[in-house]
1. Which whole-number percent is the relative contact order of the chain (Cα, under 8 Å, 6+ apart)?
2. In Å and from the alpha-carbon atoms only, list the Rg and Dmax of the chain.
3. Can you tell me the length gained on complete extension of the stretch residue 31 to residue 75, counting 0.36 nm per residue apart and subtracting the Cα distance?
């Protein structure tokens, strides 16, 4: 399972409708997480490393990230994060 990370254009963000997505914030921490559905997220602030059985992925402010359904991973929030997200 692959985590997709890329820098979207402002037009793409508008088309995705991120202004209507839920907001999530987290201080520096480490925790395990499993995705029960596909999640698309846009990061406004922060820096994170996500480790899966296959690889480790880093992302931060300005990144659009897609987590596949069923992904089991460990999050390490290196700098406090603020993101918006949607499932499905």
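What follows is calculated from the coordinates using simple rules that are stated; it is not laboratory data. All values reported here derive from a predicted model rather than from experimental measurement.
1. On the way: 213 pairs, mean separation 38.5, N = 88.
Once divided by the residue count of the chain, the mean separation gives 44 percent.
2. Calculated on Cα positions, Rg and Dmax stand at 12.2, 34 Å.
3. Details: separation 44, 0.36 × 44 = 15.84 nm, distance 0.54 nm.
15.3 nm is the gain from fully extending residue 31 to residue 75.
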